[in-house]
1. Compute, for the range A:14-121, the length of the dipole vector about the Cα centre, with Cβ point charges of +1 (Lys, Arg) and -1 (Asp, Glu) only. Units Debye, rounded to 20.
2. Any residues in the range A:1-41 that have 40 Å² or more less accessible area with all protein chains than in their chain alone, probe 1.4 Å, and which are they?
3. Could you tell me which of the pairs A:Lys14/B:Lys21; B:Lys77/B:Lys208; B:Lys17/B:Lys386 are separated by over 20 angstrom between their Cα atoms in the structure shown?
4. Indicate the gyration tensor shape class of chain A (rounded, prolate or oblate), computed on the Cα atoms with a ≥ b ≥ c the square roots of the eigenvalues: a/c under 1.5 is rounded; otherwise a/b larger than b/c is prolate and the rest oblate.
5. Taking the Cβ of A:Ala117 as the centre, find all other residues whose Cβ is under 12 Å away and add up their charges (Lys, Arg: +1; Asp, Glu: -1).
6. Indicate the gyration tensor shape class of the range B:31-134 (rounded, prolate or oblate), computed on the Cα atoms with a ≥ b ≥ c the square roots of the eigenvalues: a/c under 1.5 is rounded; otherwise a/b larger than b/c is prolate and the rest oblate.
7. On average, how many beta carbons from a partner chain sit within 10 Å of the beta carbon of a residue in A:100-107?
8. Counting only protein heavy atoms and a 1.4 Å probe, tell me what percentage of the protein assembly as shown's accessible area is made up of carbon and sulfur.
Amino acid sequence: MEALYQEEILENFKHPKNYGSMKNPDARAKEDNPFCGDEIEIFLKFDNGKVSDVKFQGSGCAISQASASFLTEHIKNKTMAQLKAMEEDEMLKLVKVNLSIVRMKCGLLAFWALRKALENK
Amino acid sequence: MFDPVKVRKDFPIFKRKINGKPLIYLDNAATTQRPKEVVKALEDFYFNHNANVARGVHTLAEEATEMYEKARATVAKFINADPSEIVFVRNATEGINLIAYGYAMHALNAGDEILLSQMEHHSNIVPWQFLQSKGIKLRFADIDEDGKLKMPDWNLNSKVKIVSITQASNVLGTVNPVKEIAKRAHENGSIVIVDGAQSVPHMPVDVKDLDCDFLVFSGHKMLAPFGIGVLYGKKKMLEKMQPFMGGGDMIKSVGLFETTYNDVPHKFEAGTPNIADAIGLAAAVDYLNKLGMKSVQTHDRELVEYAMKKLSSVKGITIYGPKDSKARSGVISFNFANIHPHDLSAILNSRGIAIRSGHACAQPLMKQLKVNSVARISFYIYNTKKDIDELVKAFEYVRKVMRL
């Protein structure tokens, strides 16, 4: 169990990076996990075609919150093409720990919110 | 009174180890485990009597028909109904949908109201929302701070045509006074639907005593196979109801442009029914009858009382629902030390303990409780006080993993 709840996950859960909302974002979307009622909302700002700022807010378990923290760090300065090319695998690699089929939904919640935000843009 | 340790021996799943630990199964409100007797009944049907029902006059067809109808009679007796008042459906959800489509859609008009409560499961909310497009209004009875229905606030009026309420909350554990509700609703000219998904498995339920018009429940929450459930309806109500699905079995005679429907309950069982699982449900009912539903209820209450006392002493626990354990069925929802229920459940699982985490299919209630999700434990006949002791012990490990 300690393997799943390792230091880096807990640290990013308790003190998530890029947590908060954003005024006038260029793209935003909210995604729910119907399995547990968790939700994550993501906000993006672009400058010169690259992500210049990103924020997320919402509530959820350690895995979903830490994943959102990892994802938002990961996508800074990425181009729209890079974001659109991003696959689920890339997200799961960011989480580093192995997730069961059920917990994978927690690990991917922020990623799905990002996808939705890009579609909305 | 039965011994839960002995009962456990009838359930092969308890031989399993989960993460190297003996299984402690506390997710019975989601689904219970199955005893050998139920699976044996399925095997006996498929290996020795398998045939379609209500057609064919060969030996197997006759045996299958007899067994299927006997299962209906067994289930009817269990809730003190007549066999003609028992419609086999997939689950409680399908039962409510059948009433919504087969009864409410025809009997209610724009401006009529349906009264539900804040503590309903999604299955007793969403089917009614479909009717809003007909101009039918939904209203929700409030609950108080103790998680009980605010009874005087009912405000029943002539517009309320249906009152649909759970007998036992799948989140709060609250047992609602449905007999009193039915009385008041009938005085008002409303019909009463009881969601028995969490009550029928846990306490004696007598539809004549409750005087409800409809009762729905699911087999899989009371030892029976998945995919079989029951809609009970007073005969005169079922006769008023329109079929929701057409096809074989539900007809008396069919012309190209018109059909004479079969009598109730067959009118609502279009197509080949779930014969084997209905027989499995009857085997589950037989099993519960052997233990005695009064004893099942007593066992439930003892565990709830013990768990409420033990959990209350754990630092950082918030328990939802009635403080008085006598007002509860075998369900306790809680949150622990700001740990998300998902994380809590995952860590407990590493100790072999299975609990539910999430919104428990009651998002409107979650809003009312001002939480996104809860952790939930729920008991059944094979649970012991030792299971609760192990759970309480495991909270220390949870603190350690989450570095609290």
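1. On the way: 18 positive and 14 negative charges, 53 e Å.
Taking the Cα centre of the range A:14-121 as origin, the dipole is about 260 debye.
2. A:Met1, A:Glu2, A:Tyr5, A:Leu10, A:Lys14, A:Phe35, A:Cys36, A:Gly37
3. On the way: A:Lys14/B:Lys21 30 Å; B:Lys77/B:Lys208 11 Å; B:Lys17/B:Lys386 17 Å.
Pairs exceeding the cut-off: A:Lys14/B:Lys21.
4. Values: a/c = 1.66, a/b = 1.60, b/c = 1.04.
Prolate, since a/c reaches 1.5 and a/b exceeds b/c.
5. Values: positive: A:Arg28, A:Lys30, A:Lys45, A:Lys55, A:Lys84, A:Arg115, A:Lys116, A:Lys121; negative: A:Asp26, A:Glu31, A:Glu41, A:Glu119.
Net of charged neighbours comes to +4.
6. Numbers: a/c = 2.90, a/b = 2.00, b/c = 1.45.
Cα axes put the range B:31-134 in the prolate bin.
7. On the way: counts 2, 0, 3, 3, 0, 1, 4, 0.
The mean count of partner-chain Cβ atoms within 10 Å per residue comes to 2.
8. Details: 11540 of 22710 Å².
Accessible surface attributable to carbon and sulfur in the protein assembly as shown totals 51 percent.
The values are calculated or read from the model by the stated rules, or taken from the named source; none is laboratory data. Just so it is clear, the structure is predicted and the values come from calculations on it, not from any experiment. Every residue, glycine as well, gets a Cβ built from its backbone with ideal geometry; the counts of neighbours run over all protein chains shown. Surface areas here come from the heavy atoms of the whole protein model, side chains and all, with no ligands, DNA or RNA. Shrake-Rupley method; radii C 1.70, N 1.55, O 1.52, S 1.80 Å.
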